[in-house]
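One structure is given here, and the rest of the page talks about it.
The values are calculated or read from the model by the stated rules, or taken from the named source; none is laboratory data. Worth saying up front: this structure is predicted, and the values here are computed from it rather than measured. For neighbour counting, all protein chains shown are included, and Cβ atoms are generated from backbone atoms with ideal geometry for every residue, glycine included. Ligands, DNA and RNA are excluded from the accessible area calculation, which covers all protein heavy atoms including side chains. Shrake-Rupley method; radii C 1.70, N 1.55, O 1.52, S 1.80 Å.
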Amino acid sequence: RKDSGMLSYKEHLPVSQVVVGDLDRPGSEAKVSVGPVRCQGDRNYWNAASFVTSSSYLHFSTFQGETSADISFYFKTSASDGVFLENLGNTDFIKLELKSATEVSFSFDVGNGPVEIVVRSPNPLNDDQWHRVNAERNVKQASLQVDQLPLEIRKAPTEGHTRLELYSQLYVGAAGGQRGFLGCIRSLRMNGVTLDLEERAKVTPGVKPGCSGHCTSYGMYCANGGKCVEKYNGYSCDCSKTAYDGPFCIKDVGAFFEEGMWLRYNFHSPGTSMKDLVSRTPLGSADPEITAPDLSLNKEELSLSFSTTKSPCILLYVSSYTPDFMAVLVNPTGNLQIRYNLGGTKEPYNIDIDHRNMANGQPHTVNVTRNRRDIVLQLDHYPPTSYSLPATSDIQFNSPKALFLGKVIEIGKIDQDIYKYNTPGFTGCLSRVQFNQIAPLKAALRPTNTSSHIHIQGELVESNCGASPLTIPPMSAATDPWHLDSASADFPYNGQAIGDGVNRNSAIIGGVIAVVIFTILCTLVFLIRYMFRHKGTYHTNEAKGAESAESADAAIMNNDPNFTETIDESKKEWLI
């Protein structure tokens with residue numbers, strides 16, 4: 001329905017080149033305008049299907065590629081493995097699969113035994129970005145290429161079988177008894193024919209037309225840089241490259257520092273690589289195995305949260321094998337200071353935040369981003385502020401060595417102010433500490449493959465350092481217009497605002513009135529029911545004059561004439 005973003009690929013641009021001639025003639029000029037730009041979709045190029053369950057697949061007629069097979073498609077996934085497609089024969093087969101997060105495999109058998117070609121990528125292929133796969137096979141050779149990586153070629157044997165004989169249906173997205181593919185496949189072409197994935201997906205359970213998935217709908221819930229990972233029955237958030245924990249990467253990981261305690265994270269250990277440090281930063285060298293002494297950073301991203309009541313102190317310090325350093329500290333007046341020394345200047349470059357006392361025991365968040373000469377600082381929820389290094393300053397942080405929290409224990413010359421602020425050390429709570437993709441506190445508190453880089457002096461006690469930082473400090477009684485003792489303060493919106501006391505009294509009076517009315521109504525209902533209740537009556541057939549009669553029989557005879565006649569009639573006696 002919608003697509004947006006920068007057109008950064010030349011083959012996608014409507015105009016790739018403009019040539020203007022006749023520029024040498026005096027007074028000549030040219031004007032070129034482009035527009036309007038209209039987008040036109042390619043149904044074959046964007047014909048896609050999403051595989052969302054472990055057993056989901058699409059099936060097509062048998063692939064006819066006896067002597068020549070040309071297969072190409074794009075895939076996007078966050079899963080680490082899965083089968084793209086497979087077609088079987090009696091013994092022959094052809095299969096393409098994602099073997100691992102960095103490996104794509106093309107395997108087949110034409111009767112001479114299984115053949116497998118593997119392309120290995122230096123970067124993960126399960127990064128939820130589109131990657132192109134192109135596999136070819138003929139009687140002379142077979143080849144496999146992924147994106148722009150080098151083409152892998154395997155020569156066919158000079159003797160033996162050459163025909164690929166397949167009988168089963170072509171399965172896309174899964175294979176018999178194997179882990180299926182989880183993600184999106186589009187523009188699947190088999191020997192020049194584009195398979196209609198979307199139409200087949202509309203009638204296939206577990207497969208959806210177009211490119212959608214759990215991460216497409218719910219990936220935004222992975223916060224703070226967490227990566228959404230597709231699962232067969234949902235999704236999960238990978239928080240390994242963040243300073244946070246929990247299902248959605250929102251749980252702070254922090255620790256309380258007692259006086260004299262410190263933590264050191266060594267950027268370099270023998271035999272280890274610097275991938276974590278360089279993964280988010282443009283470097284002077286593109287070699288991922290570059291070691292720390294040869295490393296030069298021209299960009300850093302730093303974030304941390306802290307709370308303390310003591311100043312001065314060192315919050316964070318990044319040392320190097322050169323005089324370069326970076327420091328975040330609280331000066332003796334309780335103000336925050338960011339200090340850079342990248343060379344080229346006589347004194348370190350300082351950024352002083354002097355409008356707030358940071359040693360007030362409240363949690364505060366600091367975010368610092370440097371891109372070459374430009375620095376952006378954000379404190380708590382205040383708007384970001386931009387700064388710039390002096391023109392004479394170097395723009396590269398050369399050879400970072402270690403990151404310190406709480407106190408600096410480093411060999412060699414240390415800046416004089418850093419040395420003074422280093423005693424007795426930081427006392428308080430630190431959390432959310434992250435330098436590029438390194439989270440030293442999380443590495444110390446959660447066993448990971450980077451825990452060997454950590455050295456701790458003292459006992460590290462885990463803590464989340466309280467709630468989110470305050471946006472506005474509490475107002476003093478003298479300036480708070482709503483403070484009861486502040487008689488001199490002017491109330492805003494005079495004549496319209498209603499005090500809390502008035503609201504409270506009104507509520508009490510209203511409640512009393514309601515109770516009284518309810519009681520009166522209940523009393524009235526009771527009285528009405530009592531006054532108009534039904535009085536029961538009864539009637540008897542007792543003969544009149546029963547009171548004066550000698551007996552009950554006499555009373556009946558006196559009252560009923562018929563009964564008297566009957567008695568008289570009965571007085572006749574007959575003698576037989």
Being surrounded by 19 or more Cβ atoms within 10 Å (Cβ to Cβ) and not in a strand (DSSP E or B) is the filter here, so list the residues in the stretch 403-412 that pass it. 406, 407, 408
Which residues, taken from the stretch 63-79, are in a loop (DSSP other than H, G, I, E, B) and open to solvent by 10 Å² or more (accessible area, probe 1.4 Å)? 63, 64, 66, 67, 68
Being open to solvent by 60 Å² or more (accessible area, probe 1.4 Å) and within 34 Å of the chain's Cα centre (by Cα), is that true of even one residue in the stretch 105-116? no
Identify, by number, the condition in (1) hydrophobic (A, V, I, L, M, F, W, C); (2) closer than 18 Å to residue 314 by Cβ; (3) touching a Lys or Arg at 6+ places or on another chain (Cβ under 7 Å) that residue 395 doesn't meet. (2)
For the stretch 178-213, enumerate the residues that are open to solvent by 30 Å² or more (accessible area, probe 1.4 Å) and among the charged types (D, E, K, R). 179, 189, 196, 198, 199, 200, 202, 208
Filter the stretch 383-402 for residues that are hydroxyl-bearing (Ser, Thr, Tyr) and surrounded by 11 or more Cβ atoms within 10 Å (Cβ to Cβ); which is nearest to residue 348 (Cα to Cα)? 393
Scan of the stretch 104-116 for residues that are part of a strand (DSSP E or B) and either among the aliphatic types (A, V, I, L, M) or over 17 Å from residue 180 (Cβ atoms) (or both), ordered by number: 104, 106, 108, 109, 115, 116
Taking the stated definitions as given, is residue 135 part of a strand (DSSP E or B) and of a type in the set (Gly, Ala, Ser)? yes
Could you tell me which numbered condition residue 368 fails, if it satisfies all but one of (1) open to solvent by less than 10 Å² (accessible area, probe 1.4 Å); (2) within 29 Å of the chain's Cα centre (by Cα); (3) closer than 22 Å to residue 444 by Cα? (3)
Look through 428, 412, 458, 406 and report the one residue that is at pLDDT below 85 and at positive phi. 412
Using the structure shown, decide if residue 164 is part of a strand (DSSP E or B) and open to solvent by less than 70 Å² (accessible area, probe 1.4 Å). no
Kindly provide the set of residues from the stretch 80-92 that are more than 28 Å from residue 238 (Cβ to Cβ), assigned to a strand (DSSP E or B) and open to solvent by less than 40 Å² (accessible area, probe 1.4 Å), ordered by number. 86, 87
Looking only at the stretch 325-359, which residues are at negative phi, in a loop (DSSP other than H, G, I, E, B) and open to solvent by less than 10 Å² (accessible area, probe 1.4 Å)? 342, 358
